[in-house]
Amino acid sequence: MNIVVCVKYVPDATADRKFEDDNTVDRVGVDGLLSELDEYAVEQALQFREKREGEEITVTALTIGPEKAVDAVRKALQMGADSGVHVVDDAIAGSDYLGTSLVLAKAVEKIKADAGVDLVVCGMASTDASGSVVPAMLAERLGMPQVTLASVVESQGDQVRIKRDNEGSTEVIGATLPIVLSVTDQSGEARYPSFKGIMAAKKKPLETWSLSDLGLDADQVGLSVAYSQVEDTTARPPRTAGEIVTDEDGSGAGALVDFLASKKFI
Amino acid sequence: MSEVLVVIDHAEGEVKKPTYELLTIARRLGEPSAVFFGPPDQGDAVAEKVRKYGAAKVYVVDDAQIKGFLVAPKAEALQQLAEKTSPAAVLLPSTFENKEVAGRLAIKLGSGLITDAVDVADGGVTTQSVFAGNYTVQAKVTTGTPIITVKPNSAAPEESEGAGAVEAFAATISDAAKTAQIVATQPRQSTGRPELTEAAIVVSGGRGTGGDFAPVEGFADSLGAAVGASRAAVDSGWMPHAFQVGQTGKTVSPQLYVANGISGAIQHRAGMQTSKTIVAVNKDPEAPIFELVDFGVVGDLHAVLPAATEKVKERKG
Ligand SMILES: Cc1cc2nc3c(=O)[nH]c(=O)nc-3n(C[C@H](O)[C@H](O)[C@H](O)COP(=O)(O)OP(=O)(O)OC[C@H]3O[C@@H](n4cnc5c(N)ncnc54)[C@H](O)[C@@H]3O)c2cc1C
Ligand SMILES: Nc1ncnc2c1ncn2[C@@H]1O[C@H](COP(=O)(O)O)[C@@H](O)[C@H]1O
């Protein structure tokens, strides 16, 4: 059985994230890392493998992104993935959801043609774009069942069941492998790479593919053919610090309520 | 004028406020046609409601073949409806489910997709709030039918009489779209409080509550507010996940947000930074949340909130 886990390299949320002059996300000038939310995807992929003792299962970590994005794959290998694929090509820069999901789908199909793919695992959202759309789009393109936003994942044989929190309800979703799965940060803590894991990762196979390896042309993806364009990006002016009072002998409650009344909230 | 498809957000035929916001926004782009996924016998009642906000047509899509499956059938139905009506845009309330529907629809129609808009102007230019609210982005779909998901509280609903002509739309759902089955559904119990994402006021509690949410809930009720929680409070099992505010919970943008015993981590800010007025109660004067507030109280929430609740009640008489 083969599992592909899609991991994204994102600008660190605690750093000063910003945009380039062409309004694309600055992915080079800001320190990046494996999206924290994709660590949960790696964890669930590894648990899927570990729960099926005796079965031959490989986990391949897949990323699309600039040179440095390989760090996201390395981290996944350190956590325990078996092999990595990094799709990098200047033409991909500035791709929108349609472009990104197309390249991801082609990469999964290439892995599938070589070795078969039974399960594609994604995070619930990338911490930079926060779209939560790529897994659904990947399912659409691959023609696989979409089993997304799982807080609990269970499987037996080729049957997978998940729990998903919807707007007004919690649902149990069932499907038959192969599927596209996405998991939330409720699905279980992600492991840290062990020293042994870090050493072992250095020897694991890691391939680099370009667009032509996927049978795609430069004019099918990237900023110039994106289906939507960002016209402007502006830093939000920092909120001006408001009034801060210290509660002494119950004075805080009165001051708070006076403030709320002055703003007509009461 | 071209039609603009607006997907109705509802629970059992009870139309939710974001629908009216979307219909208001849709009128800037064309003539709104509301799309109702639900039992056909609820169509007339729903039409009567959305008509008041300018819906010229109401497409009723029988959900008998749709509701038992995740996302894919809805995308298929919308594709067929879009092919029939050639709309100027498709607008959906920004829920996780609708974003996934929108993503699949974008591929089916070969159209651009914009998620989580907080405004859509004439001409279809969207505004989004990104990087935990630190940046504002203006964007536009340049290819195909713009598909835009819009966050709650993005516009004030404005009434406008529409014809509300009900039209049944028979979608053909393929077997391929029925592969992720909803095996069981457990509806969440209503708290009797306003819905988190729609509320004008949200009062939240974090780790600082120490697990006792009574002061937070009491204060919320005195203000008629929704209750929210930080992930620390959810992870501790004090509040269900549905109440979580932040990057991996709900994004709220109320008139007033009151954070109690919440430090203000970047992931929490991502879900509340665009609130109009922000207030915090925290015993640590160095807590980062105070960088955001319009008004802050350095103090113990267990003392401040019950006293404030009494004072609010006094004022309201
Ligand atoms: C991938 C990822 C996603 C995340 N998503 C979210 C998310 O969606 N939402 C979210 O909230 N967090 C999220 N987090 C977690 C986030 O980083 C913080 O850990 C979390 O927000 C902290 O919650 P808190 O403020 O309640 O707790 P703490 O940071 O522990 O703060 C508690 C605060 O309470 C104050 N306090 C203590 N006692 C009292 C008292 N008696 N009276 C008044 N004040 C008191 C303390 O001074 C402190 O400031 C995410 C983290 C990651 C890595
Ligand atoms: N460039 C990328 N490379 C690999 N995986 C990605 C990429 N972009 C998105 N994904 C996957 O899709 C998920 C959701 O992303 P998004 O829809 O952008 O929020 C992420 O958690 C990843 O698993």
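Scanning the range B:208-219 for any residue that is under 22 Å from residue A:264 (Cβ atoms), away from ligand 2 (no atom under 16 Å from the Cβ), within 18 Å of the chain's Cα centre (by Cα) and not assigned by the TED database to the domain that holds residue B:93 turns up nothing. The strands (runs of 3 or more DSSP E) located wholly in the range A:164-266 that include 3 or more residues which are away from chain B (no Cβ under 13 Å) and at negative phi occupy A:206-209. Being among the β-branched types (Val, Ile, Thr), open to solvent by less than 10 Å² (accessible area, probe 1.4 Å) and within 17 Å of the chain's Cα centre (by Cα) is a description that does not apply to residue B:297. Note on the range A:150-163: among residues that are over 14 Å from residue A:124 (Cβ atoms) and in a strand (DSSP E or B), the one that is nearest to the other protein chains (Cβ to nearest Cβ) is A:161. Scanning the range B:106-128 for residues that are facing chain A (nearest Cβ under 9 Å) and among the aliphatic types (A, V, I, L, M) yields a total of 5.
Using the structure shown, decide if residue B:284 is within 7 Å of ligand 1 (Cβ to nearest atom), surrounded by fewer than 18 Cβ atoms within 10 Å (Cβ to Cβ), more than 7 Å from every other protein chain (Cβ to nearest Cβ) and among the acidic types (Asp, Glu). It is true that residue B:284 is within 7 Å of ligand 1 (Cβ to nearest atom), surrounded by fewer than 18 Cβ atoms within 10 Å (Cβ to Cβ), more than 7 Å from every other protein chain (Cβ to nearest Cβ) and among the acidic types (Asp, Glu). You will find that of A:80, A:94, A:54, the residue that is on the phi > 0 side of the Ramachandran plot, away from ligand 1 (no atom under 16 Å from the Cβ) and open to solvent by less than 20 Å² (accessible area, probe 1.4 Å) is A:80 and no other. Looking at residue A:125, is it within 15 Å of the chain's Cα centre (by Cα), open to solvent by 10 Å² or more (accessible area, probe 1.4 Å) and within 16 Å of ligand 1 (Cβ to nearest atom)? Answer is yes for this residue. The set of residues from the range A:230-266 being open to solvent by less than 30 Å² (accessible area, probe 1.4 Å) and either out of contact with any Phe, Trp or Tyr (no Cβ under 9 Å at 6 or more places or on another chain) or farther than 24 Å from residue B:255 by Cβ (or both) comprises A:233, A:252, A:253, A:254, A:257, A:261.
Check the range B:148-159 and report whether any residue there is loosely packed, with under 13 Cβ neighbours inside 10 Å, within 14 Å of chain A (Cβ to nearest Cβ) and out of contact with any Ser or Thr (no Cβ under 6 Å at 6 or more places or on another chain). No, every residue in the range B:148-159 fails to be loosely packed, with under 13 Cβ neighbours inside 10 Å, within 14 Å of chain A (Cβ to nearest Cβ) and out of contact with any Ser or Thr (no Cβ under 6 Å at 6 or more places or on another chain).
When every residue of the range B:79-94 is checked against the conditions, at least one turns out to be within 16 Å of ligand 2 (Cβ to nearest atom) and either more than 7 Å from chain A (Cβ to nearest Cβ) or part of a helix (DSSP H, G or I) (or both).
The values are calculated or read from the model by the stated rules, or taken from the named source; none is laboratory data. Remember, it's a predicted structure, so these values are computed and weren't measured experimentally. As a convention, Cβ positions derive from the backbone with ideal geometry for all residues, glycine included, and neighbour counts pool all protein chains shown. To get the accessible areas, we keep the full protein, side chains included, count just its heavy atoms, and leave off ligands, DNA and RNA. Shrake-Rupley method; radii C 1.70, N 1.55, O 1.52, S 1.80 Å.
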